Amino acid sequence: MRKLFIIILGPAILLAAAVGAAWVWAGRSAGPAIDILQPVGTVGAAGHLDIVVETPGGQLAALDVSFEQNGRETRLFSLASPGTATLQQETPERVRITRALGRKDVPDLQAGAARVIVRAARQVLFGLRQAETMAAREVQVRLEPPRVTVVSTHHYVNHGGAEFVVYRVTPPEATSGVQAGDVEFAGYPASGVHVDGVSLSDPSLKVAFFALLYDQDLDTPLHVFARDEAGNVARVPLEHRTFPAPFGRSRIELTDGFLSRVVPAVLAHAPDLGVSGDDLLAAYLAINGELRRRNADQIARLAAKTSSDMLWRGPFQQLGHSQVQARFADHRTYYYKDKEVDQQVHLGFDLAVTANVPVRTANRGTVVHAGDLGIYGNTVILDHGMGVQSLYAHLSSIGVRAGDTVDPGQEIGRSGQTGLAGGDHLHFTMLVGGRMVSPVEWWDPHWIEDRILRKLREAR
């Protein structure tokens, strides 16, 4: 009988031991992986929550997100009650939770220290146990917006032209600049400017070049803004006057000879345009439209390479002895065999002398682009600092490389007719924040003195 009892009890003990081991093992299993992407560092009047949770097998049993401050927790999300959050299943094993996080979303939010807490669990041991994970992110709540004050006076903006403002921001590390309607122009520390050999050392003093673009209304609102890392924003209206500009109109005749010359050459540098050269007119329209837009986007991205120092000195110089063939914001209507086929706006000056003449820099700067640029052909773009750049297009040859520092009047290439040029000339334009503006003002020493240097001297 005793032997029979042992025989019966042995398997039961082994089973109990196995169950116990499985229970302990399950309790030690890793829970879901949690990655708190946002917020980072600070939370302000407006903020964003962005969390990724990854679960082996996709067996997510629980997920809760809360905001803790002064011993009080506010639930931001749970599987049972998502609220205003968005739950996105990115893969079978990964979910993403996003929602707004700011003063209006957490009404009890107060300035000071706080934590974002995420708790997640997954089922293990056939659902008999859960493996849990908890992650937290320490943040600082900031609710007071920066302070911004305009220092300079007399801001006169020509349609399609640029202007300059001096202002003060507290705290100095806040991001700032000018908003012209829905277009934002970055501001820079005034310490990057030297006037008459003297720098402006006040860390709260900022400067910004901005523009009223050719396709914006004359009554477009202008504001100076400051935005801290918590997303708090201050805006003050910029007192200014705007002046209309006489933009021209022209008729462009497309000939078979012109199309057969320019289209294959441009397409050879733009294989990703996905256009066949079999129909020259259709290909030209794609180049003049879609490729033109892509080139504009590429030029705008180059604004990110600007220096925080003002690299140039004095007025910019027009190509020597050149004749103006086309002006800024000239509205062009294209005709093929007397039929209208396209309309575009020419955003620069076409300057001609004779064929293959040396093209010299308009001012001191750094080369940020030297090579093909679609409709502009061989192109050099110089950065002059603080968002100001200049563009030299349709060159037959280029004599500089990206990264080179160039002096005023230095030869950077030769004029030509690459890209969509109809003849040998230089297409020249100025850029502010990656947006094309009229070069005329930058050639004018009186404009440089009154719109820029005067304001800097008065701010010292």
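Filtered by the rule that a residue be part of a strand (DSSP E or B) and farther than 19 Å from G231 by Cβ, region 78-96 gives S78, L87, Q88, Q89, E90, T91, R94, V95, R96. Given the criteria farther than 20 Å from A329 by Cα and either part of a loop (DSSP other than H, G, I, E, B) or without any contact (Cβ under 8 Å) to a residue 40 or more places away in the chain (or both), does P246 qualify? Against the criterion (farther than 20 Å from A329 by Cα and either part of a loop (DSSP other than H, G, I, E, B) or without any contact (Cβ under 8 Å) to a residue 40 or more places away in the chain (or both)), P246 does not qualify.
Against the numbered list (1) free of Cβ contacts under 8 Å to residues at least 24 places away in the same chain; (2) in contact with a strand residue (DSSP E or B) (Cβ under 6 Å, 6 or more places away or on another chain), H446 comes up short only at (2). Among the candidates R137, R99, R103, the residue that is basic (K, R), touching a Leu at 6+ places or on another chain (Cβ under 6 Å), part of a strand (DSSP E or B) and farther than 30 Å from S199 by Cβ is uniquely R99. Put simply, of H425, H394, H384 the only residue that is in the same structural domain as S260 (by TED's automatic domain parsing), within 19 Å of A303 (Cα to Cα) and not β-branched (V, I, T) is H384. A count restricted to region 317-345 and to residues that are in contact (Cβ under 8 Å) with a residue 60 or more places away in the chain and either part of a strand (DSSP E or B) or assigned by TED's automatic domain parsing to the domain that holds G161 (or both) stands at 11.
Here is a yes/no grid of residues against (1) in contact with a helix residue (DSSP H, G or I) (Cβ under 7 Å, 6 or more places away or on another chain); (2) of a type in the set (A, V, I, L, M); (3) not in a loop (DSSP other than H, G, I, E, B):
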site	(1), (2), (3)
F210	no, no, yes
D217	no, no, no
V224	no, yes, yes
R235	no, no, yes
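Filter region 268-279 down to residues that are free of Cβ contacts under 8 Å to residues at least 12 places away in the same chain and within 21 Å of L254 (Cα to Cα), then give me how many there are. Matching residues across region 268-279 total 4. Among residues of region 392-441 being in a strand (DSSP E or B) and of a type in the set (G, A, S), the one that is surrounded by the most Cβ atoms within 10 Å (Cβ to Cβ) is A393. Hey, any hits in region 191-206 for a residue that's at pLDDT 95 or above and under 28 Å from P246 (Cα atoms)? No, every residue in region 191-206 fails to be at pLDDT 95 or above and under 28 Å from P246 (Cα atoms). Looking only at region 210-233, count how many residues are of a type in the set (G, A, S) and within 15 Å of V151 (Cβ to Cβ). Total satisfying the criteria: 1. With respect to the numbered conditions (1) buried (at least 20 other Cβ atoms within 10 Å of the Cβ); (2) in contact (Cβ under 8 Å) with a residue 40 or more places away in the chain; (3) under 23 Å from the mean Cα position of the chain (by Cα), which one is the sole condition not fulfilled by D372? The failed condition is (1). Among the conditions (1) under 28 Å from the mean Cα position of the chain (by Cα); (2) under 13 Å from R360 (Cα atoms), the only one that P408 does not satisfy is (1).
Is it the case, given these coordinates, that S176 is within 15 Å of V207 (Cα to Cα), modelled with pLDDT under 95, outside any loop (DSSP other than H, G, I, E, B) and touching a strand residue (DSSP E or B) at 6+ places or on another chain (Cβ under 8 Å)? So S176 fails the test. Checked across region 293-316, the condition of being aromatic (F, W, Y), touching a helix residue (DSSP H, G or I) at 6+ places or on another chain (Cβ under 7 Å) and more than 30 Å from D338 (Cβ to Cβ) holds for at least one residue.
Please pick out the residue among A352, A282, A286 that is free of Cβ contacts under 8 Å to residues at least 24 places away in the same chain, crowded, with 17+ Cβ neighbours inside 10 Å and not acidic (D, E).
Values: A352 fails: free of Cβ contacts under 8 Å to residues at least 24 places away in the same chain; A282 fails: crowded, with 17+ Cβ neighbours inside 10 Å.
A286 is the lone residue from the list that is free of Cβ contacts under 8 Å to residues at least 24 places away in the same chain, crowded, with 17+ Cβ neighbours inside 10 Å and not acidic (D, E).
The values are calculated or read from the model by the stated rules, or taken from the named source; none is laboratory data. Everything numeric here is computed off the predicted structure, so don't read it as measured data. Backbone-built Cβ (ideal geometry, glycine too); neighbour counts: all protein chains shown.
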